[in-house]
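Peer 1: Structure provided below as structure tokens; questions to follow.
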Amino acid sequence: MSDDPPVTLSEAERQRRRVEGGEARAWLDAVEAALVARALGRAAPEGPALTAGQALAARAAVAAKFLAVGTPRTLGLVGTGDLAPLVVAAQRAYAAPRELRVFEANPIVAARVASDVGGRVVSLAEGCACDIVVAASGVSVRREWIRGGTLVTVLEEDVALDPALLAAAQVYGERAPAGVPSLRLVASLGAVAAGLVDGRVLDEIIISLPS
């Protein structure tokens, strides 16, 4: 028997190994099935027990599946912090982007997150200049940073969206953001996943709001 001390894996490394084992695909499938069931007025099917972080990450991947461009090449992780490895895991279970861009207000956190996911640290504007932008932690997203064809997935309600961006985008969600009660929503993400309404058509800007 070896006397070597046991190897302790970092949380990021454990998450990467779960990706390789296909666990993240199960998150995505479970969340998609639950969203579809809700949209159709059915009971949610039984599925794996997910943590809050896994469920959020899987929801972002479902949004990407139905609302992002066909071959997303860049993924901006904007203020996602410790959720970033889970978001990347779920996204790779559907379609793996070639480049990961990381923005955090705290440079130390940004460097750690970038190291965990194999991405690079960028400015907030550059993090928003991606095919898919996943935003959390109270960041502010401005209209001029978002190009046509981008999907902006909002994980938390404290993300501030520029009114000009909301006006220019097709917005999917179950309820309008606080302070914008008159915002017109296209449909819920579940309705898109269930095939009740269309998702992306061309190069429109799309925003997916938190449930």
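Peer 1: Here are the criteria: (1) in a loop (DSSP other than H, G, I, E, B); (2) surrounded by fewer than 18 Cβ atoms within 10 Å (Cβ to Cβ). Tell me which single one ASP29 does not satisfy.
Peer 2: Here ASP29 clears every test but (1).
Peer 1: So which of VAL109, VAL134, VAL197 is among the β-branched types (Val, Ile, Thr), modelled with pLDDT of 95 or more and assigned to a helix (DSSP H, G or I)? Step through it out loud before you land on a result.
Peer 2: On the way: VAL134 fails: assigned to a helix (DSSP H, G or I); VAL197 fails: assigned to a helix (DSSP H, G or I).
On inspection, the qualifying residue turns out to be VAL109.
Peer 1: Hey, another quick one. Considering only the stretch 72-103, how many residues are within 19 Å of GLU126 (Cα to Cα) and of a type outside the set (A, V, I, L, M, F, W, C)?
Peer 2: 11
Peer 1: Also, I was wondering about something else. Show the residue pairs that are 6+ apart or on different chains and have beta-carbon atoms under 8 Å apart, the first residue being within the stretch 195-211 and without any contact (Cβ under 8 Å) to a residue 12 or more places away in the chain, the second being of a type in the set (Val, Ile, Thr) and buried (at least 16 other Cβ atoms within 10 Å of the Cβ).
Peer 2: These pairs meet every condition: VAL197/VAL186; ASP198/VAL192.
Peer 1: Residues of the stretch 100-114 being over 20 Å from LEU151 (Cα atoms) and in contact (Cβ under 8 Å) with a residue 24 or more places away in the chain, which ones? If you could, list the steps in order and put the result at the bottom.
Peer 2: Residues of the stretch 100-114 that are over 20 Å from LEU151 (Cα atoms), as a first pass: 105-114.
Scanning the stretch 100-114 gives ALA105, VAL109, VAL113.
Peer 1: When you look at GLY149, is it touching a residue at least 40 places away in the same chain (Cβ under 8 Å), assigned to a loop (DSSP other than H, G, I, E, B) and in contact with an Asp or Glu (Cβ under 8 Å, 6 or more places away or on another chain), yes or no? Can you show your working first?
Peer 2: On the way: touching a residue at least 40 places away in the same chain (Cβ under 8 Å): yes; assigned to a loop (DSSP other than H, G, I, E, B): yes; in contact with an Asp or Glu (Cβ under 8 Å, 6 or more places away or on another chain): yes.
Answer is yes for this residue.
Peer 1: Would you please name the residue that is nearest to ALA129 (Cα to Cα), looking only at residues in the stretch 37-96 that are of a type in the set (Val, Ile, Thr) and not in a loop (DSSP other than H, G, I, E, B)? Explain how you work it out, then say what you get.
Peer 2: Of the residues in the stretch 37-96, the ones of a type in the set (Val, Ile, Thr) are 51, 62, 69, 71, 74, 78, 80, 87-88.
Checking the rest, the ones that are also not in a loop (DSSP other than H, G, I, E, B) come to 62, 74, 78, 87-88.
Values: VAL62: 20, THR74: 8, VAL78: 11, VAL87: 18, VAL88: 17 Å.
Filtering the stretch 37-96 for residues that are of a type in the set (Val, Ile, Thr) and not in a loop (DSSP other than H, G, I, E, B), the one nearest to ALA129 (Cα to Cα) comes out as THR74.
Peer 1: So which residues in the stretch 162-184 are more than 19 Å from the chain's Cα centre (by Cα) and either of a type in the set (A, V, I, L, M) or outside any helix (DSSP H, G or I) (or both)? Please lay out each step first, then the result.
Peer 2: Residues of the stretch 162-184 that are more than 19 Å from the chain's Cα centre (by Cα), as a first pass: 163-164, 167-168, 178-184.
The answer is ALA164, ALA167, ALA168, ALA178, GLY179, VAL180, PRO181, SER182, LEU183, ARG184.
The values are calculated or read from the model by the stated rules, or taken from the named source; none is laboratory data. In this text, all values refer to a predicted model and were calculated from it rather than measured experimentally. Glycine gets a Cβ as well: all are built from the backbone with ideal geometry, and neighbour counts include every protein chain shown.
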